[in-house]
1. Once you place label points 7 Å from the Cα toward the Cβ at T89 and A31, how far apart are they in nm?
2. Say R0 is 35 Å: what FRET efficiency, to the nearest 0.05, do I20 and E47 get from their beta-carbon distance?
3. Given the Cα-Cα distance of S39 and L55 and 0.36 nm per residue of separation, how much length would full extension add, in nm?
Amino acid sequence: MTYRGSLALVGLGLLAACAIPPEGVTPAGLAAFDEAVASIGCELVAESDYLPVELQTGLTREQVTDVAQYRLLSEAAVRLDNGGIRLITGACASA
């Protein structure tokens with residue numbers, strides 16, 4: 001690995017460590033998001049995934065999108081090739 005590559009990895013680690021939850025989303029809201037996403041198969045990809053998460057959590061679409069981004073930054077989710085995300089922690093860790 002090159003020096004630049006090492007710096008990039010360190011930078012990503014620091015970014016993940018500095019990820020802060022979206023404004024207006026409580027710890028209970030984050031937990032509800034995780035439970036709702038787990039209930040639909042651990043992936044957020046299409047409209048048919050976002051709507052049940054919104055209904056189960058009471059979060060707006062913008063908040064669901066922000067929490068999904070937060071979960072990516074905090075390494076609790078991974079980006080899928082189809083543009084969606086997959087949670088990889090909690091109930092979704094073994095899925």
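Every read-out reported here was derived from the displayed coordinates using simple, explicitly stated rules and does not represent laboratory data. Since we're looking at a predicted model, the values are computed, not measured. Positions of Cβ are backbone-derived with ideal geometry, glycine not excepted, and every protein chain shown enters the neighbour counts.
1. Distance between the two pseudo-spin positions: 1.4 nm.
2. FRET efficiency, I20 to E47: 0.80.
3. Fully extending the segment from S39 to L55 adds 4.5 nm.
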